[in-house]
Every structure is written in structure tokens, then in C-alpha cells.
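See structure below.
The values are calculated or read from the model by the stated rules, or taken from the named source; none is laboratory data. Keep in mind the model is a prediction, meaning the values are calculated, not measured. Don't worry about glycine lacking a Cβ; one is built from the backbone with ideal geometry, like all the others, and counts go over all protein chains shown.
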Amino acid sequence: MSVRRLAPDALQPASFAFDEPNRAFVAAQIAKYPPGRQASAVIPLLWQAQKQAGGWLPRAAIEHVAEVLDMPKIRVMEVATFYTMFNLEPVGQHFIQLCGTVPCHCMGAEDLKAVLKTRIGEERQVSADGKFSWLEVECLGACTNAPMVQINDDYFEDLTPETFGRLLDDLAAGRPVKVGPQNGRAKSEPLGGPKTLLEPGLYDGSAVGAWTAAFDERIAAQKAAKEAAARAAAEAAQVAAAQPAPVPAPKPAEPKPAESKPAESRAGQSKSAAPAPAAAAADDAAKPALLSAARDGRPDDLKLIWGVGPKLETMLHRMGVFHFDQIAGWSAANLAWVDQNLEGFRGRAVRDDWIGQAKKLAAGWRPESAVGEKPTK
Ligand code: FES
């Protein structure tokens, strides 16, 4: 914010009074307000006084407005020195306000400032012929058409040093000038034409609900996977029940070292309560192939499966699950079996579609947060 002081005494006129047309304007403004509230008209009266005085407010004009409105002079002085729309020192015939706020700055306001300094001089100085003076101001609300200047009451936008120079030449010569954008576009339409209005997706409704539909599809897929797992488990139980009950006999340890059962018993399973033979057979049928250890001692990072954290990963290792391709090869019944053995996390495997996720991970896909990591396989 610049310092705002009245102009030096040498520049101040001895007196000021509204001329005849402006006296009518003043009376009309005051008449808008109830008796005793005429101070409400202080802004339009100061504005009109500035116009009459040649684009700035001498001390005498401020004091005259105070008299007309029956206000203390200091109150009117406060208003005049607060609002930057009031110039407190003489300005040129063409008073240029250059926007220097960020959008205009980024689009070349500094180049326009260089033009002003070269042709007119420092800001607040009136050129020798009295035609120009300039001031850098904050945003004038035409950022779309940056960089821009306001000259007296008009905006000149989309300027370059060249077009701005020509504009100043025309003003100096008294030639007519074109107000608004100087690059050929109409008002603030998109540069290059109204392409935005031709984007059909914005108007034909095809984009509406697409995001919600993606969620709906995912939920439906999870539900279908859950139902398939339940059906497979029920079928396996039926098949097992129809077979004669096997005579349980202790089996010797599997000779295959890489594909043996996990050393630990499943969490939550009582050692003393042996399952019924039919149920045990169904259980065995649904049980996926498990490993006693990770191949080459290098397990996959199972935490890349959405919903699996360190605790679940440890549980899976104990169960004999170490690799994405193990999970990717499971049937729905296998998945249901694992799901039922996730003590404290039951339902996670089906809900989060571990098979689908593992297929992608086994093929090399990685979640965004892990992009750049070396695949574990
Ligand atoms: S930043 Fe210049 S008009 Fe808004």
C-alpha cells in the first residue's frame, strides 16, 4: 500500500466549488438519503469533485465537500486518503493504472512497466506535455486478460509491449483507440476460440455418475466373489458328506520339502476337539496348497495387497502363504478356507478380492505408492 498524502502546497489551487451542473448532481445525491444522513453521499461527491478538478482531489475540494455535507473536514479527509480511487496529486490527461498483481506480473506486467518508465518516467510523475502519468496498482479484476492497464475509465487488456506502445502513440496523437482486449479476442473468451463449449462430455451427461458407477461395480464384484466362495464351500461339504467316512489314520510326513503343511496349527482351532470326518474332508478339499517356507527364502511383500498389514502378513506366513502367485492360483473355495482361518480378520480375503489383487501383483503391477520399487519376484 503506497503512502497517501495530499499534494504539496505549491500544487494546491486556492479554492474549489462545484460548478453549476455538478451542484445539480450533488443535490440529487443528497436527496437519496433521509434528512441528517447526507454524509452517506460523501463518496459520490468526492468522485465528482475529482472529475471536476481534472482527475485528482485538491485539499480545497475535500474541504468543500465537507462543507456541503456538513461534516467535519477530518472525516472527509479520512475517506479521501483511504480509498485509492481518489488521487491526491495531479495526474496526466491520460491517467494509467498498471496492474502489478501476480497474474498480470506473470503475464508480462514488468515489460509494460518498462514501457511506461521509458516513455513517461517514474510513477506519479506527469509527463512534460501533461498528457500522461501512471501508477502501479493491485488487481483490477481482469486477470483473465492479463496483463492489463486502466486508462481513465477504460480497461486495455491482453497487452504486449508493442501493442501498449502503439496504444500510447494513439492516445498522444488523439487518435481513436479500441477499448478491451488488444489481441483480437472478444472479452475473456478462451484464447484460440470457444473450444470449451464444444467438449461434448460436459453436456451430454456421459460424465455424470461415472465415479459412482465404478464403486458400484467393485462392490458387486466383491459380493459375487463372496457368494461363489460360499457356494464352493457348500458343494465341497456335500461331496465329502456323500463319501463313506474315511478312517482317520496318521499320515507320514510329506516327502515334498517345498510344499509341506505349515508347522503351526490354525489359530482358534482346538487341539482336543477333532472335527467330524465329513467336515474334515470338506475342510481338506478347500485347503489351498501351502508352503513351509518362502521359495529361495524370498517372500513377496504381501502388504502390497490392499488391506493386508504387517499383522496379517505374519499370519499368512505362519499359514504357509508367501507369494502372490500362490494366492493368484486359489479357487474361491481356497479363498474361503483361508478367510475362515484369519483369526481376528475373517472376511477380509473375500471382501478385498485377494485373488484378483494377487493376479495383478503376480503379473508385475504395483500400487501407485509402490511404483519405482523393485518387484519382489
Ligand atoms: S492480476 Fe491484474 S487484473 Fe487481476
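Numbers at a glance
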item	result
Scan of segment 130-159 for residues that are out of contact with any Leu (no Cβ under 8 Å at 6 or more places or on another chain), within 11 Å of the ligand (Cβ to nearest atom) and of a type outside the set (A, V, I, L, M), ordered by number	138, 139, 141, 143, 144, 145, 157
Which listed residue is surrounded by 14 or more Cβ atoms within 10 Å (Cβ to Cβ), modelled with pLDDT of 90 or more and of a type in the set (A, V, I, L, M), from 328, 285	328
Residue among 39, 14 that is among the hydrophobic types (A, V, I, L, M, F, W, C), part of a helix (DSSP H, G or I) and over 27 Å from residue 151 (Cβ atoms)	39
Residue selected from segment 95-131 under the condition among the small types (Gly, Ala, Ser) and over 16 Å from residue 167 (Cβ atoms), by the criterion nearest to the chain's Cα centre (by Cα)	100
Residue within segment 332-350 that is surrounded by fewer than 19 Cβ atoms within 10 Å (Cβ to Cβ), of a type in the set (Asp, Glu) and closer than 21 Å to residue 285 by Cα present	yes
Count - residues of segment 159-186 that are touching a residue at least 24 places away in the same chain (Cβ under 8 Å) and over 21 Å from residue 117 (Cβ atoms)	5
Selection from segment 82-111 of residues that are out of contact with any helix residue (DSSP H, G or I) (no Cβ under 9 Å at 6 or more places or on another chain) and surrounded by fewer than 17 Cβ atoms within 10 Å (Cβ to Cβ)	82, 84, 105, 106, 110
Single residue of segment 112-129 satisfying the filter (in a helix (DSSP H, G or I) and loosely packed, with under 15 Cβ neighbours inside 10 Å) that is farthest from the ligand (Cβ to nearest atom)	118
Residue identified as in a helix (DSSP H, G or I), at pLDDT 90 or above and within 40 Å of the chain's Cα centre (by Cα) among 359, 311	359
Meets criteria (assigned by TED's automatic domain parsing to the domain that holds residue 304, in contact (Cβ under 8 Å) with a residue 24 or more places away in the chain and part of a helix (DSSP H, G or I)) for residue 349	no
Some residue of segment 14-28 being of a type outside the set (S, T, N, Q) and closer than 27 Å to residue 128 by Cα	yes
Residues located in segment 51-102, provided they are within 16 Å of residue 5 (Cα to Cα) and of a type in the set (Lys, Arg)	59, 73, 75
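Residue-by-condition table, conditions (1) out of contact with any strand residue (DSSP E or B) (no Cβ under 8 Å at 6 or more places or on another chain); (2) of a type in the set (Lys, Arg); (3) modelled with pLDDT under 65; (4) surrounded by 10 or more Cβ atoms within 10 Å (Cβ to Cβ):
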{"site": "200", "(1), (2), (3), (4)": "yes, no, no, no"}
{"site": "207", "(1), (2), (3), (4)": "yes, no, no, yes"}
{"site": "242", "(1), (2), (3), (4)": "yes, no, no, no"}
{"site": "251", "(1), (2), (3), (4)": "yes, yes, yes, no"}
{"site": "270", "(1), (2), (3), (4)": "yes, no, yes, no"}
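Every residue, every condition in (1) over 17 Å from residue 168 (Cα atoms); (2) in contact (Cβ under 8 Å) with a residue 24 or more places away in the chain; (3) under 38 Å from the mean Cα position of the chain (by Cα), yes or no:
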| site | (1), (2), (3) |
| --- | --- |
| 26 | yes, yes, no |
| 31 | yes, no, no |
| 41 | yes, yes, no |
| 47 | yes, yes, no |
| 61 | yes, yes, no |
| 93 | no, yes, no |
